[in-house]
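The next block holds one structure in the form of structure tokens; read it before the comments.
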Amino acid sequence: MAKGQAGGQAGAQPGGRYAEAGVDIEAGNELVRRIDGLTRATARPGASGALGGFGALFDLKEAGYRDPLLVSSTDGVGTKILLAAKTGQVEGIGIDLVAMCVNDLVVQGAEPLFFLDYFATGRLEAEAGTRIVAGIAEGCRQAGCALIGGETAEMPQMYAPGHFDLAGFAVGAVERDALLPRPDVGAGDVLLGLASSGVHSNGFSLVRLVLEESGADLAAPAPFVPEQSLGDALLTPTRIYVRSCLAAIRAGGVKALAHITGGGLEENLPRVLPEGAQAVLDTSAWELPGVFRWLAEQGRLPQVDLRRTFNAGIGMVLAVAPERADALHQLLTEAGETVHRIGRIAPRAADAPNVVFEHAETAWPTPSPS
């Protein structure tokens, strides 16, 4: 399990001039000491090794696979990090990082096996770094994967004080004959939508623009959830759908999944549709969450932003066989998801859009320009 400071400096001896250049080697060593227990707590069958090595091993046979395909994903958290840095609420940002990677693995039917992170900052503060990595470890725990390594980089002048960046890399496995999407996705299949926990980790450049233009106070109660501050509500971590979706896949009847991230429902659903198929969504089937209504009102946002910038309250969509829709709806509900039957797959005529939104004008009212 590898976790070191930039340039392999974590084990360097004191006495040189590196500190004058702005890099605190001891802070990096202290962070490694603090997070050792966090990473060990994410151990799972197949993962081996100890923190501080140059690489990490994973044994697919020990994890129980016969004829596996490896699936990999890498992502970051985007400008949501700027809001976390501004408020000092950095605990959940690590969950976001894991979610953005592992939710992309499960849509191909893959079980996340291990995760590696990259944490870069201008000045390494062990306490803040520990809180961030604790969030990454919690995300891995939720996803059932091991945090087997990573890299911590302290780079003065690259980042403003208090600012940082995160990237993640996840690897999963799926048996060859269980890879999704299935080839029989098609007309008549039912679309089940799993509720998002909020904005997730996409569209925060627009969120920050709305905050700037509205002058909203991040410390004040959120108008759409008064028991939380506006900052905390906007920073709600991305929901991790791995365990519930794997359970649904193993129960049978799931043909495809789509993780609703940048591009929203309009651009992510077509990624799993076959040629000549169209997703028909009934937007009256679920309520647009208050955070999106507030953003639309404060930012005078058109419908296109709800469809393509944000997830509009749906973080994951499953295309399922119609005869299995009710049973899978119940299974997913029992697994803790809020499930909506949001539409169907239909034949697509030539030149017709890949996704059609029914009742959008009434379900998602567009604010009048001021």
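The values are calculated or read from the model by the stated rules, or taken from the named source; none is laboratory data. Everything quoted here is computed from the prediction, not taken from an experiment. Counting neighbours? That spans all protein chains shown, and the Cβs are built from the backbone with ideal geometry, glycine included. Surface areas here come from the heavy atoms of the whole protein model, side chains and all, with no ligands, DNA or RNA. Shrake-Rupley method; radii C 1.70, N 1.55, O 1.52, S 1.80 Å.
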| If you roll a 1.4 Å probe over the range 83-131 with all protein chains in place, what percent of the accessible area is carbon or sulfur? | 48
| field | Bridge type composition, the chain - antiparallel percent by DSSP, nearest 5 | value | 75
| remark: With Rh as the Kirkwood radius over Cα pairs, the range 220-329 has Rg/Rh of 1.01
| said: Quick check: residue separation of Phe169 and Leu70 times 0.36 nm, minus the Cα distance between them. What number comes out in nm? | reply: 34.3 nm
| said: Please list, ordered by chain and number, the residues whose modelled amide H lies under 5 Å from the amide H of Gly150; skip anything fewer than 5 residues away on the same chain. | reply: Ala2, Lys3, Gly4, Asp117
| query | In debye, nearest 20: dipole of the chain around its Cα centre with unit charges on the Cβ of K, R (+) and D, E (-)? | reply | 440
| note | For the pair Glu361 and Gln157, the simple spin-label estimate (label points 7 Å beyond Cα toward Cβ) gives in nm 5.8
| According to the square roots a ≥ b ≥ c of the eigenvalues of the Cα gyration tensor, what is the shape class of the range 289-370, taking rounded for a/c under 1.5, prolate for a/b larger than b/c otherwise, and oblate for the remainder? | oblate
| task | Work out the charge dipole of the chain with +1 on the Cβ of Lys and Arg and -1 on the Cβ of Asp and Glu about the Cα centre, then indicate which of Tyr118, Gln228, Val171 is farthest towards its positive end. | result | Val171
| Carbon and sulfur together cover what percent of the accessible area of the range 270-355 at a 1.4 Å probe radius? | 44
| said: Spelling out what I want: for every residue of the range 61-69, take phi, set θ = phi - 60°, compute 6.51 cos²θ - 1.76 cosθ + 1.60 (Karplus), and round to whole Hz; glycine and proline get x. | reply: 5, 5, 7, x, 8, 9, 9, x, 9
| field | Cα gyration tensor shape of the chain, rounded if a/c is under 1.5, else prolate or oblate by comparing a/b with b/c | value | oblate
| said: Per-residue counts of other Cβ atoms within 10 Å, averaged by peptide: what ranking do you get for 127-133, 328-334, 55-61, highest first? | reply: 127-133, 328-334, 55-61
| remark: Given a 1.4 Å probe, the accessible area of the chain per residue, as a whole number of Å², is 43
| For peptides 266-274, 206-214, 226-234, sequence by mean Cβ density within 10 Å, most packed first | 266-274, 226-234, 206-214
